[in-house]
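Student: Encoded as structure tokens, here's the structure I'll be asking about.
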Amino acid sequence: MKDLLKALIPILLGSVAGILSMLLTQGLRERDPFGIIILVLSIYVHKFIFPKIGIKIEPKDWAGISFLSFASWYISWTLLLNS
């Protein structure tokens, strides 16, 4: 169950970050760095969420968490930019 949460939470937060990136940058290309800052902040939020739900994060887990967050952020933001 905890391994499943380690995968689902980054996907969910990455998708939320993608939606926020679209809403806050309003599709303007010169604001793209702000969207990336939102991604980095969403990855940082994991540091506080996982201990609250009782999941211990090891250093090797951060690569997977970061990748899942990035992938879901990128996909959701790209889909919203193209719609």
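Student: Is it the case that segment 60-79 has a residue that's in contact with a Phe, Trp or Tyr (Cβ under 8 Å, 6 or more places away or on another chain) and without any contact (Cβ under 8 Å) to a residue 60 or more places away in the chain?
Tutor: no
Student: Identify, please: which residue in segment 1-24 is under 10 Å from the mean Cα position of the chain (by Cα) and not hydrophobic (A, V, I, L, M, F, W, C) and is, among those, nearest to residue 63 (Cα to Cα)?
Tutor: 10
Read the figures in this text as sums done on the coordinates, not as results from a lab. No experiment lies behind these values; they were computed from the predicted model shown. Please note: Cβ atoms are built from the backbone with ideal geometry, for glycine as well, and neighbour counts cover all protein chains shown.
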